[in-house]
Amino acid sequence: MSNTKSKTLVIRNGTLIDGSGAPAAANTAVVIQGNRISSVGELPGDVNLEDTGKVEVIDATGHWIMPGLIDGHCHLSFGMPAVQGYASARGTVNPGFSALRAARNAQIILRSGVTSISIPGGTWFIEVGLRDAINAGIIEGPRIYTAGRFIVTYGSIGDYEPSWVGTPEHTLGILANNVSDMITEVRRQTKHGVDFIKLADSTWGDTQTIAKEEMAAVVVEAHRRNARISIHSRGAGSTKAAAEAGVDWIMHADLATEGELYAVAEAGVRIMPTMTFLFEALEVGKEKGRSDEELDIIKRNADGAVTVLQTARSLGVKVMCGTDTGNSPVMPYGVLHAHEAEIMVKFGGYTPMEAITACTKDNAYSVGKEGDLGVIEAGKLADVLILDADPLEDIRVLQGGKHLSSVIKDGRQVDLRAQPEDETLFALS
């Protein structure tokens, strides 16, 4: 990163989209000291722009300034997309290789304008270690808020092996077929430093694999140990059960009925539709080896997710943005992290400003930083993007980092020229 934390960083001019939902406005000066924003508006009298030894200035004339993006659903150690010449087995059987690859992918993500990610599931405790290494300054990457392996029952997503094989450490889920085992796993994962717990129901929502009473018990134990809890729930009753059990947010909810979403609204629970994966799978899934039968299921869920997005908006359910990057061969790193915003605008009736707020201020909840991140305001953490095109005119300019002039994370500029090797390393098939 290019500037030291001892220097004051000042962003002059340009158009400010502060992430709060307020209208865009002409920027005078955003002043950053250390890893926080110290002022927004008129330049403080004690900041001398001529003192280049203490002050670094970015002139954003003709550019747009906004908070760093947050991807609320991103996986780093699942081993997808696969690497050419390296075998992976639903993740990878080599934790060292997986950890190094995850670190590399984190750098790609950061340089696409995503300064924070929420990771609802990984193998071993790789993301916990990566989070700590980034926080310690050993490597660079986005701010990480992470779960451990999914807690699953027989028939849940992640339970792919025969019962006599179980769920080895390199797989996505860990079996817990009763409340006692689930609570033990919550205790094990929190001991090893996870930020939140991830429950996982069935893959496509056709059946409910976790009972409401089991969900409620896990919620109580997770909250007692100061960890939040989310759930992979695509429908079939699990969404309503999860809301009533008190989970903190629900991922997907594709098949939820209006009645189920009403229960979500009543409980004040957030949802994260994660439609980017569904749309991308429909776009390129055939060439990546998905069967016609599976694509039919994905089409059903994508159609349901559009209805859910619209219904959630009408009911006042808070919607957060996540992509499921890294979950499959169709989800490469650094490419799709801002596509959820386009989907919200195109299919959900959201304005570009509302979509930006969902990816910044509202998504701060998914990384445990609500009220401290996602808004350019005095006192907040200094994660800032500078763009050469207007995302309010075309929300797609946020995609793939193509319009980034600067990425600032924790008050320090990221060297965009030091881009890791491009995606040609990966076999996206």
Checking the condition at pLDDT 90 or above and in the same structural domain as SER233 (by TED's automatic domain parsing), which residue from SER88, SER163, SER180 passes?
SER180
Residues satisfying the stated conditions in the range 19-51, i.e. without any contact (Cβ under 8 Å) to a residue 60 or more places away in the chain and under 11 Å from ALA378 (Cα atoms):
VAL31, GLY41
Residues that are on the phi < 0 side of the Ramachandran plot and not charged (D, E, K, R): list the strands (runs of 3 or more DSSP E) wholly contained in the range 10-73 that include at least 3 such residues.
29-33, 36-41, 55-59, 64-67
Checked against (1) surrounded by fewer than 24 Cβ atoms within 10 Å (Cβ to Cβ); (2) at pLDDT 95 or above; (3) assigned to a helix (DSSP H, G or I); (4) not aliphatic (A, V, I, L, M), THR424 satisfies every condition except (2)
Say we look at the range 314-361 and pick out the residues that are among the basic types (Lys, Arg) and not assigned by TED's automatic domain parsing to the domain that holds ALA253; which of these is farthest from GLY259 (Cα to Cα)?
LYS361
Out of the strands (runs of 3 or more DSSP E) lying entirely within the range 130-183, which hold 1 or more residues that are under 26 Å from GLU221 (Cα atoms) and aromatic (Phe, Trp, Tyr)?
143-146, 150-152
Within the range 181-239, the count of residues that are farther than 17 Å from MET251 by Cα, among the β-branched types (Val, Ile, Thr) and under 19 Å from the mean Cα position of the chain (by Cα) comes to 1
Considering only residues of the range 10-38 that are of a type in the set (Gly, Ala, Ser), more than 25 Å from the chain's Cα centre (by Cα) and closer than 17 Å to ILE386 by Cα, which is surrounded by the fewest Cβ atoms within 10 Å (Cβ to Cβ)?
ALA26
Among the residues of the range 210-246, which ones are within 24 Å of ILE297 (Cβ to Cβ) and β-branched (Val, Ile, Thr)?
ILE210, ILE231, THR239
Here the residues within the range 98-128 that are farther than 16 Å from LEU336 by Cβ, modelled with pLDDT of 95 or more, outside any helix (DSSP H, G or I) and β-branched (Val, Ile, Thr) are THR115
Can you pull out every residue in the range 198-223 that is assigned to a helix (DSSP H, G or I), of a type in the set (Asp, Glu) and over 24 Å from TRP124 (Cα atoms)?
GLU213
Say whether the condition of being part of a strand (DSSP E or B) and either modelled with pLDDT under 95 or not assigned by TED's automatic domain parsing to the domain that holds ARG101 (or both) is met by at least one residue in the range 386-403.
yes
So, in the range 55-85, of the ones that are of a type in the set (Gly, Ala, Ser) and closer than 22 Å to ILE157 by Cα, which residue ends up modelled with the lowest pLDDT?
ALA82
Working carefully through the options ILE174, ILE144, ILE134, ILE109, find the one that is farther than 23 Å from MET275 by Cα, among the aliphatic types (A, V, I, L, M) and out of contact with any Ser or Thr (no Cβ under 6 Å at 6 or more places or on another chain).
ILE134
Does GLY268 satisfy the criteria of being at pLDDT below 95, farther than 15 Å from ASP201 by Cα and not aromatic (Phe, Trp, Tyr)?
no
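The values are calculated or read from the model by the stated rules, or taken from the named source; none is laboratory data. The model shown is predicted, which means the values in this text are computed figures rather than measured ones. Cβ coordinates were reconstructed from backbone atoms using ideal geometry, including for glycine residues, and neighbour counts include every protein chain displayed.
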